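K.L.:
If you scroll down you'll find the structure; I have some questions about it.
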Amino acid sequence: QVQLLESGGGSVQPGGSLRLSCAASGSIFSINVMGWYRQAPGKQREWVATITTSGGSTWYADSVKGRFTISRDNAKNTVYLQMNSLKPEDTAVYYCNTQRIRDGMPYWGKGTLVTVSS
């Protein structure tokens with residue numbers, strides 16, 4: 001089993017920044033890529049960013065390119081999402097995600113709320 005715990009959410013004004021963290025525990029050897037998703041009020045969950053096991057490659061949704069940066073520290077079993085130039089439309093619950101290598105089974109954290117408002 002793998003457990004994911006997000007932290008770092010909060011309330012910020014437009015144009016501000018936040019850094020989210022996701023700490024993984026359990027059978028860490030059994031997972032590979034990690035990523036972030038978000039779900040805004042009344043909307044479907046959407047993909048935000050993904051990073052490879054080594055951290056050598058990253059991908060971003062068009063809506064966050066140039067503003068968000070995903071990174072990971074394997075020694076700490078932690079993935080980060082640095083969010084800059086935040087907009088009200090970034091308001092959502094942000095979820096950490098990874099996959100089991102053997103069969104691609106997904107693991108999800110419980111989420112951390114980000115609120116961007118004046």
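K.L.:
Keeping every protein chain in place, order 19, 67 by accessible area at 1.4 Å, biggest value first, i.e. largest first.
P.N.:
On the way: 19 130, 67 30 Å².
Putting 19, 67 in descending order of accessible area: 19, 67.
K.L.:
Now for a separate question. Roll a 1.4 Å probe over the protein chains and send me the accessible area per residue for the chain in Å². Don't skip to the answer; put the middle values down first.
P.N.:
Details: 6260 Å² over 118 residues.
Ligands and nucleic acids excluded, the figure is 53 Å² per residue.
K.L.:
If the only charges are +1 at each Lys and Arg Cβ and -1 at each Asp and Glu Cβ, what is the size of the charge dipole of the chain around the Cα centre, to the nearest 20 debye?
P.N.:
Numbers: 12 positive and 7 negative charges, 14 e Å.
Roughly 60 debye, rounded to the nearest 20.
K.L.:
So between residue 69 and residue 113, what do we pick up on full extension, going 0.36 nm a residue minus the alpha carbon distance?
P.N.:
Values: separation 44, 0.36 × 44 = 15.84 nm, distance 1.78 nm.
Going from the current span to full extension adds 14.1 nm.
K.L.:
Read phi for every residue in segment 61-78 and hand back ³J(HN,Hα) as whole Hz from Karplus 6.51 cos²θ - 1.76 cosθ + 1.60, θ = phi - 60°, with x for Gly and Pro.
P.N.:
Listing the rounded values in order: 5, 4, 5, 10, 4, x, 10, 10, 9, 9, 8, 8, 10, 5, 5, 9, 6, 9 Hz.
K.L.:
Work through the residues other than residue 117 whose Cβ is under 12 Å from its Cβ and net out their charges, Lys, Arg +1 and Asp, Glu -1. Let's see the in-between values first.
P.N.:
Working: positive: 87; negative: 89, 90.
Charge balance in the 12 Å sphere: -1.
K.L.:
Based on a Kirkwood Rh over C-alpha pairs, give the Stokes-Einstein translational diffusion coefficient of segment 78-118 at 25 °C and viscosity 0.890 mPa s in µm²/s.
P.N.:
On the way: Rh = 12.1 Å.
In µm²/s, the coefficient is 202.
K.L.:
Next question. Using a 1.4 angstrom probe on heavy atoms only, work out the carbon and sulfur share of the accessible area of the chain in %.
P.N.:
Here it works out to 50 percent.
K.L.:
Based on the Cα gyration tensor of segment 41-85, what are the three equivalent ellipsoid semi-axes, each the root of five times an eigenvalue, rounded to whole Å and given largest first?
P.N.:
Numbers: eigenvalues 88, 29, 22 Å².
Three semi-axes, in Å: 21, 12, 10.
The values are calculated or read from the model by the stated rules, or taken from the named source; none is laboratory data. What you see is a predicted model, and the numbers here were worked out from it, not measured in a lab. We place every Cβ from the backbone using ideal geometry, glycine too, and count neighbours over all the protein chains shown. Just the protein is used for accessible areas: all its heavy atoms, side chains included, with ligands, DNA and RNA removed. Shrake-Rupley method; radii C 1.70, N 1.55, O 1.52, S 1.80 Å.
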